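Colleague: Below you'll find the structure I mean.
Rule-based calculations on the coordinates, nothing more; no lab input. Predicted, not measured: the structure shown is a model, and the values here were computed from it. For neighbour counting, all protein chains shown are included, and Cβ atoms are generated from backbone atoms with ideal geometry for every residue, glycine included.
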Amino acid sequence: LGNMEQYAVAFRVEKNKCLQASDYPNKDLLTEVKEKFQKNEVYVSDNLIAAKADKNKQEHSEFRLKNYLKNILNEKDKCVVYFTVNSPCLNKCVSDSWEYSIKGNLELLQKYEGIKAFAFKKVWREDKKEEVIKRLKAIAPALPYYQCEKNKAKCDRL
């Protein structure tokens, strides 16, 4: 989706697609997602959900996927990846007290029966990497976490 500042996606593919390198989705799909983003809507399909932050309602992009994640997780023995540009912020997204926390999403993803991963590109600017990893692993310790930095062929397991 290019250099957008913050967005989150979750998608489901066949296991073999996860176990080998693959290309970006087709350009038509990317165009559809970008059009939804321009309208401040969540993109929802059978195998992909995507959202950017809704600054008017203070809903972070990760939270906006909350109501749709179950649809992605409804087919067992596939591969599900949840990706966000910035790591979930400690003071809201993975806090115990914020109403828009994504803790439930991480717990759901951890329970998924198939290949699964939670990945982010960079650590949110107000947080420290070690603290983010510690918090994520406290919420869903069995969930594989990755950091996928720009210009790297592979993501680093955290």
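Colleague: DSSP beta bridges in the chain, what fraction antiparallel, as a percent rounded to 5?
Modeller: 60
Colleague: Using amide H atoms built 1.01 Å from N in the peptide plane, name the residues 5+ places from Trp124, or on other chains, whose amide H lies under 5 Å from its own.
Modeller: Residues meeting the criterion, in which the H sits 1.01 Å from N, are Ser87.
Colleague: Over all directions, average the projected area of the Cα convex hull of the range 46-157 and note it in nm².
Modeller: 7.2
Colleague: Also: Determine the relative contact order of the chain: mean sequence separation of Cα pairs under 8 Å and six or more apart, normalised by residue count, in whole percent.
Modeller: 21
Colleague: Once you put a point 7 Å from the Cα of Lys76 and another 7 Å from the Cα of Asn40, both along the Cβ direction, what distance in nm separates them?
Modeller: Roughly 4.1 nm, to one decimal.
Colleague: Among Ile115, Ile49, Ile133, which comes first, second and so on when ranked by fewest other beta-carbon atoms within 10 Å?
Modeller: Fewest-to-most Cβ neighbours within 10 Å comes out as Ile133, Ile115, Ile49.
Colleague: Now for a separate question. Ranking Val13, Val85 by Cβ neighbours within 10 Å, fewest first, what do you get?
Modeller: With the sparsest Cβ surroundings first, the list reads Val13, Val85.
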